[in-house]
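Derivation of every value follows stated rules applied to the coordinates shown; laboratory data play no part. Computed from a prediction, not measured in an experiment: that's the story for all the values here. Using ideal geometry, Cβ is built from the backbone for each residue, glycine included, and neighbour counts are taken over all protein chains shown.
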Ligand SMILES: [Zn+2]
């Protein structure tokens, strides 16, 4: 990364060049003097400032602290209903749930036999940023984003998030296993020619998983049946994060050029749902025993620290001139504080952390085009009151488009987070707008592609067994 002082000089030099161009009568407005910088968009599901702030104080989130010190950080307003697939689709489209059509974990219309049907990428009614970039000939790599299966043909590389309903409890829509990648399922990677190479990361991720588990569990010995269930219910998500991260790193080391690299990591939400009661035990009527608090109270903080390490590795592998946006879709807070917690209850009854009512998420940004805002005190001393409100989840796509010098749709519900951007950038790349990025009949045309009977019987059977079709 370039040192702040060097960047200051670069800004001054660029500013002088632009000024010179204006003076000699060239128009810097139509043709930007410099190509926009690539964007690294890191999605962290359910990351909560109340957990992150103490860790920042302890120096356990060095990557986030570094970004905040050279850029900014604060709260990001979430939305209702506060469910991840809906919000992550708003994050990727800038459109409301009514407009984008992803209304939860499973389709509102179940299968004819009453079982839940998972949303596919064809159910999204409006283009996401990767579709918009493709139309402008710009490249995005999208890894693990919600509701991207089957992988869409884009300019760039798409690695879909494949979900499945727990076969044991398929009618409970909460029992969704997100983020699994399957070694033998077609349609997870676009272009298909890359699928074998990228999914070769799966066995390596599997081999790494026991080490990660041991590290988060800090060598905990014998585990009771309740904690064992909670823990087993986190592992699939940790595995997905490991896999997505390895794939992102692989793409970065392959030096595949990109305008946006977007990656979604979900373990912070999954661990938060299951281990909040050990993080803040005094808030629960059924307080866990002191020994289990000592053992599991660090699961959530340890996972945050692990995610920060992954961010650090991505920053290291990414081009130096990236603008970096770290986004969580919502925060989290204690839930079910009066509930009994016993191993025999259904998993959805054992959720002790949740995000009902749209608690604000975390947003951190830094890069050559992001203003260095500064806080009232050093990052390591920040309190909740020091954190500014920086915008909302709907503002991410408009801001991303502005950073890439692409027009923003007037039909988007969010706005460009202009306060975030350097004035020199805005002068050089004034915000442009179009009425809409959604061509007429966009959804219908995709539906007709989806309905084409080009799937083999074997593939149809796979999709049926996963819950995507009847
Ligand atoms: Zn959640």
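Here are the numbers for the structure shown:
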{"quantity": "Global form of the chain, assessed from the alpha-carbon gyration tensor, a/c cut-off 1.5", "calculated": "oblate"}
{"quantity": "Convex hull per residue volume in Å³, alpha carbons only, for the stretch 176-301", "calculated": "134"}
{"quantity": "Share of pairwise Cα separations in the stretch 345-449, more than 18 Å, in percent", "calculated": "64"}
{"quantity": "Which of 89, 253, 164 has the fewest Cβ neighbours within 10 Å, and the rest in rising order", "calculated": "253, 164, 89"}
{"quantity": "Neighbour-count ranking [beta-carbon atoms within 10 angstrom, fewest first] of 103, 135", "calculated": "135, 103"}
{"quantity": "Angstrom value of the Kirkwood radius, inverse mean 1/r, which spans all Cα pairs in the stretch 226-295", "calculated": "14.4"}
{"quantity": "Residues 395, 302, 338, sorted so that the one with the fewest Cβ neighbours within 10 Å comes first", "calculated": "338, 302, 395"}
{"quantity": "Relative contact order %, the chain, counting alpha carbon pairs below 8 Å whose residues are six or more apart", "calculated": "28"}
{"quantity": "Structure-based [θ]222 nm, the chain - -39500 (n - 2.57) summed over DSSP H runs of at least 4, per residue, nearest 500", "calculated": "-12000 deg cm²/dmol"}
{"quantity": "Gyration tensor verdict on the stretch 286-390 (Cα atoms; rounded if a/c is under 1.5, prolate if a/b is larger than b/c, oblate otherwise)", "calculated": "prolate"}
{"quantity": "DSSP-defined beta bridges in the chain - what % are antiparallel, rounded to 5", "calculated": "45"}
{"quantity": "Potential lengthening between residue 464 and residue 108 on full extension [0.36 nm per residue; Cα-Cα distance subtracted]", "calculated": "126.4 nm"}
{"quantity": "Shape category assigned to the stretch 224-371 from the gyration tensor of Cα positions, a/c cut at 1.5", "calculated": "prolate"}
